[in-house]
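The values are calculated or read from the model by the stated rules, or taken from the named source; none is laboratory data. Keep in mind the model is a prediction, meaning the values are calculated, not measured. Glycine also receives a Cβ, built like all others from the backbone with ideal geometry; neighbour counts cover every protein chain displayed. Protein only, heavy atoms only, side chains kept; ligands, DNA and RNA dropped before computing areas. Shrake-Rupley method; radii C 1.70, N 1.55, O 1.52, S 1.80 Å.
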Amino acid sequence: MKRIIHFLEGLKMTIVGGIALAASLVLLLADIKVAFDPAWITVAICGIPLLYLAITRLIFQRWISSALLISIAMFACICIGELFAAGEVAFIMAIGALLEEYTANRAKRGISKLISLAPEQGRRITVRGGQEVEETVPVTKIAVGDILRILPGERIAMDGEIVKGSTSIDQSVMTGESLPVDKTVGDSVFCGTMNCFGSVDIRTTKVGQDSSLQKMIALVKAAEDKKAPMQRIVDKWAEWLVPIALLIAIVAYFITGDLTRAVTVLVVFCPCALALATPVSVMAGIGQATKFGVLIKSGEALERMGKVNCITFDKTGTLTEGNLAVSDVVSFDGKMDEATLLHLTASAEARSEHPLGKAIVKYLQEKNGMLASADNFHMLPGKGIQAEVNGRKVLCGKSAFLQENGVSLTNEMKNVLETLRGEGKAVVLTAVDDTCTGLIALSDIIRPAAKEMITELERIGVQTVVLTGDNRRAANFLAGQIGIRDIRAELLPSGKVDVISELQEEGKIVCMIGDGVNDAPALKTAHVGVAMGSMGSDIAIESADIALMGDDITKIPYLKRLSNAVIRSIKVNITLSMAINFVAITLSVLGMLNPITGALVHNAGSVLVVLNAALLYDRKL
């Protein structure tokens, strides 16, 4: 039976049902009588899965759903010969089911892409007969305590601790940090993160399902399974609407003894308008959002967004642009101006592959500066670079790197360094001829509209929270710039999920907005997930319910207002359809309506519902 239902629910059969319904409408408008109404095909294709759903929910889930209400109405329509009305309602429900299935499949693709980040093999180092032996083995054969060698450009196969070498690790997949993190002996590394520069050996500490990446994959799967399907507004009404409809029809029959009156009650109770109340408003809302560059994947997401009262933001790439730019050039040498310091530093960094070095070079070029040739270039991964520029020895890197090369820092220099780090900025110190001459600070650029967007959200009563893997000082500085008071910093993917779960336990309806792979579990756990569509990772976009295609965060307050308007439209539609039904039921019981005129009344209600939903188009919100 399930195979038959699955076949009938498919896109091809639903299209066949739609064609048959269109043919029935043509015959109806042309007043052509035929022996076989094509609407029967639609009723069979779209109605059987609907009836199956209504029965299974009623028996196994004890859920009086809108599917049961529509099924009863469909049978009432068939009883009085209103085949087109029966097929119309069944077809609308079939379209809704297809949209839900499409959304579920997108979620599964997101999980598949996340799984693909996990390396399938690793380079294991063993000692045999006093000789070091390197062998490539499947990750399933890697055990805790094994030594793995990670070359530049490779993903780390397992969680571990560096035992040899220094490097920079791009761990944005786990923490969302915009910069590679310098690592050396004793530092921990995560499975699935990228080794950028130096070769390192690590001792594995967690393998298999215990690794960080596998735990993140498990979080996404668990969140997908845990998020219960939203019981739509119409389903809540159906819980008491179905018994009332049946009761009135039965009472009308026993009091009047007129079966026609009882059938007429069911016909006017035929919830075409009620069935259309949600989908037409949702479709109008989705269409309106698309015009403004907001892609909403399902009506359920739009309905949930209307109830959101707390929005959590990832920092990097969401509230910021995710691109490093030079923010400060500070000279410590009175004989060297800032332009010269920038020129020497950029020239030395010209051959560096580090993002900080590239950003400094780009900054000089944007100011139309010319690079000098650098000789004897040498890079120490995770520490800094050394080169000769115009015959002068130039060191660029961390304070520890300069000190290792005999360059000392004064207290004044250290104070400036700490001040800039407290603002969440990355700092490159420059030493020329063994003297620290200055520094260049870089920071992620805060989106210009971020502060205004946060102010607007708080004005309409939405709580805002920052969730980030960055350090607390950087998070606090950013939050102070844009006006968010609730900051949760230094969070791994599981930490973001925990915070969202805590907010949900407090009764909050939570929306998560992010762009990175590390945001995928949080996007799935939240009631609504919103991804930055242009620069966001494919995995984040697949995991989210809504995507901002232009990465314009000013659309977030608009999205919230639009969702609120859709919810209001749905409620007005339901109220309107119920008011019409109430009048029509009264007239039916009194015998003032027959099945034919009753069908006309409920179709008029459907038209009014569609017209009300149409008001969402081009509405200024």
Among the strands (runs of 3 or more DSSP E) lying completely within segment 157-248, list those that include at least 3 residues that are out of contact with any helix residue (DSSP H, G or I) (no Cβ under 9 Å at 6 or more places or on another chain) and at pLDDT 85 or above. 159-164, 200-206
The lone exception for Ser352 - which of (1) farther than 30 Å from Gly422 by Cα; (2) assigned to a loop (DSSP other than H, G, I, E, B); (3) open to solvent by less than 10 Å² (accessible area, probe 1.4 Å) it fails: (1)
How about segment 333-349: which of its residues are open to solvent by less than 20 Å² (accessible area, probe 1.4 Å) and at pLDDT below 90? Met336
Just one listed residue, out of Leu21, Leu25, is surrounded by 16 or more Cβ atoms within 10 Å (Cβ to Cβ) and assigned to a helix (DSSP H, G or I), and it is Leu21
Determine whether segment 385-407 contains at least one residue that is farther than 16 Å from Ser168 by Cβ, assigned to a loop (DSSP other than H, G, I, E, B), hydrophobic (A, V, I, L, M, F, W, C) and open to solvent by less than 10 Å² (accessible area, probe 1.4 Å). yes
Grab the helices (runs of 4 or more DSSP H) fully contained in segment 425-541, keeping just those with 3 or more residues being open to solvent by less than 20 Å² (accessible area, probe 1.4 Å) and at pLDDT 90 or above. 450-459, 493-505
Count of residues meeting criterion [in contact (Cβ under 8 Å) with a residue 12 or more places away in the chain and not in a helix (DSSP H, G or I)] in segment 28-61: 2
Looking at this structure, is Glu134 modelled with pLDDT under 80, over 25 Å from Val517 (Cβ atoms) and either open to solvent by 50 Å² or more (accessible area, probe 1.4 Å) or not in a helix (DSSP H, G or I) (or both)? no
Is it the case that Leu380 is modelled with pLDDT under 90, closer than 25 Å to Asn323 by Cβ and in contact with a strand residue (DSSP E or B) (Cβ under 8 Å, 6 or more places away or on another chain)? no
Let me spell it out: the conditions are (1) part of a helix (DSSP H, G or I); (2) open to solvent by less than 60 Å² (accessible area, probe 1.4 Å); (3) in contact with a helix residue (DSSP H, G or I) (Cβ under 9 Å, 6 or more places away or on another chain); (4) farther than 22 Å from Phe313 by Cβ, and Arg421 meets all of them except one. Which number is the exception? (2)
From the options Ala94, Ala85, Ala76, residue that is touching a His at 6+ places or on another chain (Cβ under 9 Å), at pLDDT 70 or above and closer than 30 Å to His6 by Cα: Ala85
Among the residues of segment 355-377, count how many are in contact with an Asp or Glu (Cβ under 7 Å, 6 or more places away or on another chain) and either open to solvent by 50 Å² or more (accessible area, probe 1.4 Å) or among the hydroxyl-bearing types (Ser, Thr, Tyr) (or both). 2
I need the full set of residues from segment 382-427 which are under 23 Å from Glu490 (Cα atoms) and in contact (Cβ under 8 Å) with a residue 60 or more places away in the chain, in order please. Gly382, Lys383, Lys398, Leu420, Lys425, Ala426
Condition test on Val330, is it modelled with pLDDT of 80 or more and either among the hydroxyl-bearing types (Ser, Thr, Tyr) or out of contact with any Gly (no Cβ under 7 Å at 6 or more places or on another chain) (or both)? no
Evaluate segment 262-275: report whether one residue or more is part of a helix (DSSP H, G or I), at pLDDT 75 or above, buried (at least 16 other Cβ atoms within 10 Å of the Cβ) and in contact with an Asp or Glu (Cβ under 8 Å, 6 or more places away or on another chain). no
